[in-house]
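Nothing in this text is a laboratory measurement; each read-out follows from the coordinates by a stated rule. All figures in this text were calculated on a predicted structure; none of them were measured in a lab. Reconstructed Cβ throughout: ideal geometry from the backbone, glycine too, with neighbour counts over all protein chains shown.
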Amino acid sequence: ASLSWRSRARGSLLLAACADAIGSVFEGHRGLDPEAVAAAVDRPKVPLQWTDDTAQMLVLAEHLAAQEGRIDMDALAAAFGAAWAAEPSRGYGPGAVTMLAQIAAGTPWQSAARAVFDGAGSLGNGAAMRVAPIGLLPGRNLDDVAAAAVTSALVSHVHPEGIDGAVAQALAVAIAANTPGTERPQANEFIEQITARTATAAFAADLQAVPSLIDGPASAIGERFRCDATALGAVPASIAVFLRHPDDPRAAIKEAIGLGGDTDTIAAMTAGICGAYCGEDAVPASWTAVLEQAARVLAAADGIAGP
Ligand code: F2R
Ligand code: MG
Ligand code: MG
Ligand code: MG
């Protein structure tokens, strides 16, 4: 039977939240022991407590649901600022903290987002890590998805690579959500649809390296990409891991965490794409049962997917 859009939205947000929580234990670590990673995925630390990645993803999903799929940039920025102010210990990045504290104190997002990193703006993966809900809006073509991803990114990430990260990840989720479960995603076509809509030469080059990494050892992904908290270092790696294990979220999450570095975020982004492809039934019930605020995650997915 074909998967419903709601099942795909639920699968995406649930798996992203679970992977964020499981991966967060290893964030910043390199050279991880594969057995420790496998144990954390197969017998996760309970409860599954998620980080800034999921906190912002839920804010975005709830915003889209309230606005019937549109983005009000002032309201979205204010909601990100309020979520940070309510729970500043979710593991936000340093640039994000500086910027969100300003927004929470009343500085317009336009100046707060532009001021960070000496005026360069953030090229962190924060706009990408939260963007799955945009790829899950029903009835959107890929150009619409890319445009909405840019809008959602700009309230915090004005550097072109920070924006491209959000565009690439939103498109990956959307393409996966539109791929019939009976068809395996084809790496070349998947990547071409994304690079047609990203803007920077750096993203084009790194995304175009992904198809060559599908069949070899996972270590080649870690050699090709930095797997860090930057958009360029994390998003192509996440897409590569998904394309290696599209219908096996557990294997994908193990491999994503095993890369080391920004483990919560790479695992969450990989898992968000897997869930959009596989649907809710692919989420281990034992994870959902112990996931923090699981009912809120499900309601957020239903809010964007519609009836
Ligand atoms: N940052 C973390 N984890 C490490 C800190 C944990 C925290 N101290 C704690 O446990 O309490 N995790 C989360 O941040 C990443 C998402 O990052 P976001 O939201 O984009 O933040 P930021 O700070 O803007 O960017 C992240 C890093 O990217 C580099 N960077 C960004 N812009 C740059 C620029 N223009 N030039 C040079 N470098 C730039 C910096 O290294 C930033 O720190 C996710 O991993 C999430 O889980
Ligand atoms: Mg995090
Ligand atoms: Mg392009
Ligand atoms: Mg992270």
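Per 0.36 nm of contour for each residue apart, how much would the distance between Ser212 and Ala299 grow if the chain were fully extended, relative to their Cα-Cα spacing?
On the way: separation 87, 0.36 × 87 = 31.32 nm, distance 3.80 nm.
Once the chain is fully extended between Ser212 and Ala299, it gains 27.5 nm.
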- Note on the structure: Per-residue ellipticity at 222 nm attributable to helices in the chain (runs of n ≥ 4 DSSP H, -39500 (n - 2.57) apiece, nearest 500 deg cm²/dmol) works out to -19000 deg cm²/dmol
- Item | Per-residue HN-Hα couplings for region 188-195 [Karplus 6.51, -1.76, 1.60; θ = phi - 60°; Hz; x = Gly/Pro] | 4, 5, 4, 5, 4, 5, 7, 5
- FRET efficiency for Ala101 and Glu35, using Cβ-Cβ distance with R0 set to 51 Å, rounded to 0.05: 0.80
- Item | Calculated FRET efficiency for the pair Glu87/Ala251, C-beta based, R₀ 25 Å, to 0.05 | 0.20
- Message: Roughly how far apart, in whole Å, are the Cα centres of region 116-143 and region 54-79?
- Response: 12
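Rounded, prolate or oblate: which fits the chain when a ≥ b ≥ c are the square roots of the eigenvalues of the alpha-carbon gyration tensor, with rounded for a/c under 1.5 and prolate only if a/b beats b/c? Intermediate results must be reported in sequence, preceding the final value.
On the way: a/c = 1.23, a/b = 1.20, b/c = 1.03.
Cα axes put the chain in the rounded bin.
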- Item | Residues listed by number, region 43-79, amide nitrogen under 14 Å from Val25 label point at 7 Å toward C-beta | 43-50
